[in-house]
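A.B. asks: The structure follows.
The values are calculated or read from the model by the stated rules, or taken from the named source; none is laboratory data. Source: prediction; values computed, not measured. A quick note on method: Cβ atoms are made from the backbone with ideal geometry, for glycine too, and the neighbour counts reach across all protein chains shown.
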């Protein structure tokens, strides 16, 4: 049993609120945008990531809290001690402050770009030559894709698309105009999503010019509304974010794919949860919009800058300036494992570990391609959570089916914001007669695993893959993740058991090696922590090292607090949400925590237990969140190979020594950078050098 503890007298609550902790993570992303040591175009991309993160936060987390308020509940226990109503207000104020800070950062970046002869201009700064180019570009590309709605005299206000950017147009009509009764009339222009948000204008000497699509449209307002007589016309940006919760109907006659597809379409009409507007908009126009859209006080109404959907800065044009971007690093091979020969021949002899993006993800693709062609391979089973837009993984599975293999794909149709893409892939795989499994009722399948069965000397031999991240070639270039290749039959047999559970999920399987959610992970981790407490009390070597994306489960936090009070030293690298408060005397003084935000998105989950000197190391798809422990299918895999175990331990130490991109997680919640007198260590750069050195040694 996890012992109960009272909040420390100097701590308001013994947990950080999950939502506010997430906003602190997004503030770390914003810090990257503000870091002058980072190349300028990369800083713009971090601004885009910050904005995109915020959109998803409002669609999911803010919407959840709003539903608690609307249900008339306080939610203090669920929210870590703060009421839902107070939390909504605190979120809104925090986001307003962060948005204001992001606008200052953007302004500073634009000034720095000007020093590099790159100018982002608006419609008032256009030269006659540029005006001609813009007018032609508008007629050819923008106008055919643009949606303009006259809303001034519509009885029913049109439903605005979730997270789409709109220009709210105000026309002050002239006396000669007989089209409208009202002096003020309004229109909405939806910024086309099919056109790049940044239009590169013809270069003038050494100077490069970019105009944002919004301003290009503003420049052409007189063209758009030329049939009306008005004294003035102006356009200000607005954006609405809607609740992204899927409402899946219970119609038994419809397929699961149809249900998810319908639910995703209905998401576009979900309740609004955030309204962002250009703070310079005319008050009359703002009141008109709020009234017509039914925006109320439980929604987050945020005054912003001239531009919204700054997520588009993730795709800011490169402009032929590699000096303003990160130096590209070619993914490295795994020592001793070449892509030209048979992977199966190598893996049967020993386990191998892939650490993307430092090492090439092509090993995963090669593994499946070889399985698709190898006549000895009889079956392939794989879980799919998020695939690349153009997926070599999917094509390899189809290829395997065409070659007569028995192919089973567990595809998660409810992967947040990837539902449409997964539906398309499910339909494609289904059309090729690939056998699909759509998970377990009430559970998301979040584990990343594959097992291949191969007939060798009349004996069935299994080969397995277990990963901390998705089988996705695109994200493998941006996310750090571990993938284990193994022919250890103890592990592979139990991967196969997980697929048996997908087939017959009323039978709970038993495992001796893998730790599988939802049935075993929580208690298994508790037992591992208890073992460290016991070892500490017995004077044996003890300690816990964790690398996580998120830590929000209160019971798990209490267990870690218990270990801390017993004297167990705990080191944590937590990228995102951290509801645990480290370093509080009498509660968590033996816990240290940092967060690393840098060039890549830190994504692996590692659990390391000292175990009286016989260290146990696990890789996992599960964070320490209630959903991962209790409501998803997750796999935590022990590392048995001594060399791989040592590699992971060394990797953790590289991250722990980071004093460039590491922020200290503390009771202050101030995202202070970790500073010390030691030589600078930027862990993501050092990690690449670590693997480069391994190649040179081998």
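A.B. asks: Quick check on this structure: which one of 571, 599 is in contact (Cβ under 8 Å) with a residue 60 or more places away in the chain, surrounded by fewer than 23 Cβ atoms within 10 Å (Cβ to Cβ) and under 20 Å from residue 527 (Cα atoms)? Even if it seems obvious, please write down each step before you answer.
C.D. replies: Values: 599 fails: under 20 Å from residue 527 (Cα atoms).
Residue meeting the stated conditions: 571.
A.B. asks: From the list 322, 317, pick out the single residue that is in contact with a strand residue (DSSP E or B) (Cβ under 8 Å, 6 or more places away or on another chain) and closer than 30 Å to residue 51 by Cα. Even if it seems obvious, please write down each step before you answer.
C.D. replies: Details: 322 fails: in contact with a strand residue (DSSP E or B) (Cβ under 8 Å, 6 or more places away or on another chain).
Answer to the selection: 317.
A.B. asks: Go through the residues of region 303-316 one by one and say whether even a single one is modelled with pLDDT under 90, assigned to a helix (DSSP H, G or I), over 28 Å from the mean Cα position of the chain (by Cα) and over 26 Å from residue 638 (Cα atoms).
C.D. replies: Within region 303-316, not a single residue is modelled with pLDDT under 90, assigned to a helix (DSSP H, G or I), over 28 Å from the mean Cα position of the chain (by Cα) and over 26 Å from residue 638 (Cα atoms).
A.B. asks: Restricting attention to region 532-551, which residues are within 10 Å of residue 563 (Cα to Cα) and touching a strand residue (DSSP E or B) at 6+ places or on another chain (Cβ under 8 Å)?
C.D. replies: The answer is 532, 543, 544.
A.B. asks: Can you tell me how many residues in region 478-490 are in contact with a helix residue (DSSP H, G or I) (Cβ under 6 Å, 6 or more places away or on another chain) and either in a loop (DSSP other than H, G, I, E, B) or surrounded by fewer than 23 Cβ atoms within 10 Å (Cβ to Cβ) (or both)?
C.D. replies: Adding up the residues that qualify gives 1.
A.B. asks: Could I ask something else about it? Whether any residue in region 453-465 is crowded, with 20+ Cβ neighbours inside 10 Å, within 23 Å of the chain's Cα centre (by Cα) and either at negative phi or without any contact (Cβ under 8 Å) to a residue 40 or more places away in the chain (or both) is what I want to check.
C.D. replies: Checked against the condition, which is being crowded, with 20+ Cβ neighbours inside 10 Å, within 23 Å of the chain's Cα centre (by Cα) and either at negative phi or without any contact (Cβ under 8 Å) to a residue 40 or more places away in the chain (or both), region 453-465 yields at least one hit.
A.B. asks: Please verify whether region 361-373 includes one or more residues that are assigned by TED's automatic domain parsing to the domain that holds residue 469, surrounded by 22 or more Cβ atoms within 10 Å (Cβ to Cβ), farther than 27 Å from residue 440 by Cβ and under 21 Å from the mean Cα position of the chain (by Cα).
C.D. replies: Yes, the conditions are met somewhere in region 361-373.
A.B. asks: What single numbered condition from (1) in a strand (DSSP E or B); (2) buried (at least 21 other Cβ atoms within 10 Å of the Cβ); (3) at pLDDT 90 or above fails to hold for residue 239?
C.D. replies: (3)
A.B. asks: Please indicate, with yes or no, whether at least one residue in region 635-643 is loosely packed, with under 15 Cβ neighbours inside 10 Å, out of contact with any helix residue (DSSP H, G or I) (no Cβ under 9 Å at 6 or more places or on another chain) and under 22 Å from residue 513 (Cα atoms).
C.D. replies: The answer is yes; a qualifying residue exists.
Matching residues to (1) closer than 26 Å to residue 379 by Cα; (2) in a loop (DSSP other than H, G, I, E, B):
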residue: 492; (1), (2): yes, no
residue: 500; (1), (2): yes, no
residue: 519; (1), (2): no, yes
residue: 529; (1), (2): no, no
residue: 535; (1), (2): no, no
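A.B. asks: While we're looking at this one, here's another question. Considering only region 575-624, how many residues are in a loop (DSSP other than H, G, I, E, B), touching a strand residue (DSSP E or B) at 6+ places or on another chain (Cβ under 9 Å) and either over 19 Å from residue 481 (Cβ atoms) or modelled with pLDDT under 95 (or both)?
C.D. replies: Count: 9.
A.B. asks: Grab the helices (runs of 4 or more DSSP H) fully contained in region 21-125, keeping just those with 1 or more residues being crowded, with 21+ Cβ neighbours inside 10 Å and at pLDDT 85 or above.
C.D. replies: On the way: elements: 40-57, 63-70, 76-79, 84-115.
Output list reads 40-57, 84-115.
A.B. asks: A further question on this structure: For residue 157, are the conditions met, namely being in a loop (DSSP other than H, G, I, E, B), free of Cβ contacts under 8 Å to residues at least 60 places away in the same chain, over 27 Å from the mean Cα position of the chain (by Cα) and surrounded by 15 or more Cβ atoms within 10 Å (Cβ to Cβ)?
C.D. replies: Values: in a loop (DSSP other than H, G, I, E, B): yes; free of Cβ contacts under 8 Å to residues at least 60 places away in the same chain: no; over 27 Å from the mean Cα position of the chain (by Cα): yes; surrounded by 15 or more Cβ atoms within 10 Å (Cβ to Cβ): yes.
No; evaluated as a whole, the condition is false for this residue.
A.B. asks: Tally time: how many residues in region 354-378 are closer than 22 Å to residue 497 by Cα, in contact with a helix residue (DSSP H, G or I) (Cβ under 9 Å, 6 or more places away or on another chain) and not in a helix (DSSP H, G or I)?
C.D. replies: Number of matching residues: 2.
A.B. asks: For the structure I just gave you, tell me whether residue 132 is part of a helix (DSSP H, G or I) and without any contact (Cβ under 8 Å) to a residue 60 or more places away in the chain.
C.D. replies: On the way: part of a helix (DSSP H, G or I): yes; without any contact (Cβ under 8 Å) to a residue 60 or more places away in the chain: yes.
Against the criterion (part of a helix (DSSP H, G or I) and without any contact (Cβ under 8 Å) to a residue 60 or more places away in the chain), residue 132 qualifies.
A.B. asks: Going by the conditions given, is residue 545 modelled with pLDDT of 95 or more, in a strand (DSSP E or B) and buried (at least 22 other Cβ atoms within 10 Å of the Cβ)?
C.D. replies: On the way: modelled with pLDDT of 95 or more: yes; in a strand (DSSP E or B): yes; buried (at least 22 other Cβ atoms within 10 Å of the Cβ): yes.
Here the answer is yes, as residue 545 does meet what is asked.
A.B. asks: Next question, about the same structure. Tell me, please, whether a residue that is in contact with a strand residue (DSSP E or B) (Cβ under 6 Å, 6 or more places away or on another chain), at negative phi and either in the same structural domain as residue 237 (by TED's automatic domain parsing) or part of a strand (DSSP E or B) (or both) can be found in region 137-146. Let's see the steps before the verdict.
C.D. replies: Initial filter on region 137-146 (in contact with a strand residue (DSSP E or B) (Cβ under 6 Å, 6 or more places away or on another chain)): none.
Within region 137-146, none of the residues are in contact with a strand residue (DSSP E or B) (Cβ under 6 Å, 6 or more places away or on another chain), at negative phi and either in the same structural domain as residue 237 (by TED's automatic domain parsing) or part of a strand (DSSP E or B) (or both).
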